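Undergrad: The structure follows.
The values are calculated or read from the model by the stated rules, or taken from the named source; none is laboratory data. Model, not experiment: these values are computed from the prediction. FYI the Cβ positions are ideal-geometry reconstructions off the backbone, even for glycines, and counts take in every protein chain you see. Just the protein is used for accessible areas: all its heavy atoms, side chains included, with ligands, DNA and RNA removed. Shrake-Rupley method; radii C 1.70, N 1.55, O 1.52, S 1.80 Å.
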Amino acid sequence: MKKTFLLFFILILISLSNISYSQINLNVDASLKNVLRYGSGSEFLGSGKVRKEYFENLADARININDFVFGARLEISDPIEYGLDFKGIRKRFVEYNNRDFGVSLRAGDFWDIFSRGLTLNVFEDRALAYDTGIDGVSVTYENRFGKKNPVKVRGQIIGGDLTYNDVINPDRIESYRIRNANFDVSPVKQVTLGGSYIYSEGSLPTGADTTQIQAYLPEVNLNVNFPEVQFYTSYARKHVNTTPNSIFPDEISAEGDGLYSSLVYTREALGVTLEYKNYRFDVTNPDNQSPDRPTKMLPFQNPPVAQREHTSTLVSRNPHVVNFNDEVGGQLDIIYVPNDKMTFTANGSIASRHYQYNNVDSAGQIVYERVERDFDLIPDLDAAFYPFWEFYLEGEYYVSDRFFTKLAYARQSETTYNQNNPLNSETIQATTIPTEFRYSFNNQYSLKLVFEQQWVNNSIRLDQKGYMNQFVSLNLTKSPEFSIALNAEFTNDEEEPTDTQSWFLAEALYRLNQSNTITVSYGSERGGLRCTNGICRFVNPFEGFRLSIQSQF
């Protein structure tokens, strides 16, 4: 793709030189965003504390010249907090946008999403060391035809390469070559039809060998939009062929699919959202669920999670990690606003795997057989299906123009089934009550207090099955200059891996001017799973100093 990028760059320079002769004034605009992150302290890895230090600086520059945009990132991550160290230029691109003709071209690095992401959703999340950006070319055409009842049309062609560093093991790198064509057509104002087709060739490290795959992913979707009701549904297929190697001597031909639907109803004071997911991108036996298997959902896919993503510190300590290869479920979310001072939210979500499996071999070997069920379109709460459910209730109340309160209740339950010994299956249930109080002294100063109490029960523990967690945060803000926060977390969990039962953290943010912001923190942070858009990684406990400087010009 480097040759394609260079050719595109030369063509744009020629175009700009011709423009310079035909017009006197060029519309030029430039911007620079720089983020510096530094941390020094110690990290708990399970066997004890080890020295932890990282230094990262990312400078993203953009230059707009008429219809052209040039961009690049200078990155110095040495050492990086998570992932692989890097020094040099990356994320460089050239983009051309012609609004009159509805044409957009981009060469270089880019992220994109089609529809809701069942077949294509590539993005970057530095906090999780996750990046599925494509290095290639994207051509988009968008226009309207007709005046009285215009028909909207959008089409896109994508071609490029994707390099994926495993979130758990960054040294394990998967490589993909992607070709995609997608479109949206709106024949009437209320209805939009869409379709996409992806062909990809991939190279996946699998055990001691590398597996070559060919993947085919078609998708269709429908969006119906009325003033009070919105309905969306999307269905995608996935077919994968493998090339024989030492790990898989026989060619594998695997099929999978996924369905996502949402129904939204809104009217004065009420909003209701119902989401349904049925992901079967790689339904397989319990002994064939290695994360590096070549038939799994591909990294450039990332469908909706169809569950609530929480902002509460303790509620998010026990996230449900969506199994996109084998999960059915959904959520119901209701928002009720009786007046301009009160808001109530109720949310319920449920999910499970599609099938349970039995060991049918009597010769001392494990041979699993799927137990078929008549209606696998709905989740099952039996332990053998790895069930998850959650109920969440929240109320917000503006007591006055200065005083705001929020009270919530969350109940979660998730089971990890032990296929060999079902009696040792683990069920974790958590009840959390988050509260928040915020008082504004005037237009500048405000004080926020957050207190969260949590009760957890773990079924497979022998001694202390139940334990409590507490989180307290006090934040003073002077807008827009600075904010100071003091966080404390406590637990009486005797099996806490770090043998620590309290964590304290102080954080300060100071805005030097409109362009520069400094954030510093010192103390200890409790580790755990962090999730964004269904992508999760385990973050080790850390204690020490962190510094972040953000600049934008």
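Undergrad: What number of residues within region 489-525 satisfy the criterion of being surrounded by fewer than 16 Cβ atoms within 10 Å (Cβ to Cβ) and of a type in the set (A, V, I, L, M)?
TA: 4
Undergrad: Can you confirm whether Val122 is in contact with a helix residue (DSSP H, G or I) (Cβ under 9 Å, 6 or more places away or on another chain), open to solvent by less than 30 Å² (accessible area, probe 1.4 Å) and within 25 Å of Asp282 (Cα to Cα)? First the steps, then the outcome.
TA: On the way: in contact with a helix residue (DSSP H, G or I) (Cβ under 9 Å, 6 or more places away or on another chain): no; open to solvent by less than 30 Å² (accessible area, probe 1.4 Å): yes; within 25 Å of Asp282 (Cα to Cα): yes.
Considered against the rule, which asks whether it is in contact with a helix residue (DSSP H, G or I) (Cβ under 9 Å, 6 or more places away or on another chain), open to solvent by less than 30 Å² (accessible area, probe 1.4 Å) and within 25 Å of Asp282 (Cα to Cα), Val122 comes out as no.
Undergrad: Same structure again: Within region 92-103, can you find the residues that are at pLDDT 95 or above and not β-branched (Val, Ile, Thr)?
TA: Those that are at pLDDT 95 or above and not β-branched (Val, Ile, Thr): Arg92, Phe93, Glu95, Tyr96.
Undergrad: Does Ile168 fit the bill of being under 25 Å from Pro294 (Cβ atoms), surrounded by fewer than 16 Cβ atoms within 10 Å (Cβ to Cβ) and in contact (Cβ under 8 Å) with a residue 40 or more places away in the chain? Quick ask: steps written out before the conclusion?
TA: Values: under 25 Å from Pro294 (Cβ atoms): yes; surrounded by fewer than 16 Cβ atoms within 10 Å (Cβ to Cβ): yes; in contact (Cβ under 8 Å) with a residue 40 or more places away in the chain: yes.
Against the criterion (under 25 Å from Pro294 (Cβ atoms), surrounded by fewer than 16 Cβ atoms within 10 Å (Cβ to Cβ) and in contact (Cβ under 8 Å) with a residue 40 or more places away in the chain), Ile168 qualifies.
Undergrad: Of the conditions (1) at pLDDT below 95; (2) open to solvent by 30 Å² or more (accessible area, probe 1.4 Å); (3) of a type outside the set (A, V, I, L, M, F, W, C), Lys87 fails just one. Which one is it?
TA: (1)
Undergrad: Taking region 291-308 only, how many residues are in contact (Cβ under 8 Å) with a residue 40 or more places away in the chain and more than 16 Å from the chain's Cα centre (by Cα)? Explain how you work it out, then say what you get.
TA: Going residue by residue through region 291-308, those that are in contact (Cβ under 8 Å) with a residue 40 or more places away in the chain are 291-295, 297-308.
Still in the running and more than 16 Å from the chain's Cα centre (by Cα): 291-295.
Qualifying residue count for the region: 5.
Undergrad: I've got another one for you. Need the failing condition index for Ser203 against (1) under 30 Å from Leu36 (Cβ atoms); (2) at pLDDT 95 or above, just the number.
TA: (1)
Undergrad: May I ask you to list the residues in region 467-476 that are touching a Phe, Trp or Tyr at 6+ places or on another chain (Cβ under 9 Å) and open to solvent by less than 40 Å² (accessible area, probe 1.4 Å)? Quick ask: steps written out before the conclusion?
TA: Just the residues of region 467-476 that are touching a Phe, Trp or Tyr at 6+ places or on another chain (Cβ under 9 Å), to begin with: 467-473, 476.
Tyr467, Asn469, Phe471, Ser473, listed by residue number.
Undergrad: One residue is enough: does region 397-412 have a residue meeting the conditions open to solvent by less than 80 Å² (accessible area, probe 1.4 Å) and either assigned to a loop (DSSP other than H, G, I, E, B) or without any contact (Cβ under 8 Å) to a residue 12 or more places away in the chain (or both)?
TA: Going residue by residue through region 397-412, those that are open to solvent by less than 80 Å² (accessible area, probe 1.4 Å) are 399-400, 403-406, 408, 410-412.
With either assigned to a loop (DSSP other than H, G, I, E, B) or without any contact (Cβ under 8 Å) to a residue 12 or more places away in the chain (or both) added as a condition, the list becomes 399-400.
Yes, that holds for at least one residue.
Undergrad: Quick test of your reading of the structure: Arg144 fulfils all but one of (1) at pLDDT 95 or above; (2) touching a Lys or Arg at 6+ places or on another chain (Cβ under 8 Å); (3) closer than 30 Å to Val185 by Cα. Name the failing condition by number.
TA: (1)
Undergrad: With respect to Gly194, is the statement that it is touching a residue at least 24 places away in the same chain (Cβ under 8 Å), within 22 Å of Ile252 (Cβ to Cβ) and buried (at least 16 other Cβ atoms within 10 Å of the Cβ) true?
TA: No; evaluated as a whole, the condition is false for this residue.
Undergrad: Oh, and also: Just checking, how many residues over region 238-269 are free of Cβ contacts under 8 Å to residues at least 60 places away in the same chain and assigned to a loop (DSSP other than H, G, I, E, B)?
TA: Filtering region 238-269 for residues free of Cβ contacts under 8 Å to residues at least 60 places away in the same chain gives 239-255, 257, 259, 261-268.
Retained after the next criterion (residues that are assigned to a loop (DSSP other than H, G, I, E, B)): 243-252, 268.
The total comes to 11.
Undergrad: With respect to Asn492, determine if the residue is out of contact with any Gly (no Cβ under 8 Å at 6 or more places or on another chain) and more than 25 Å from Phe391 (Cα to Cα). Reasoning before the result, please.
TA: Working: out of contact with any Gly (no Cβ under 8 Å at 6 or more places or on another chain): yes; more than 25 Å from Phe391 (Cα to Cα): no.
No: the conditions fail for Asn492.
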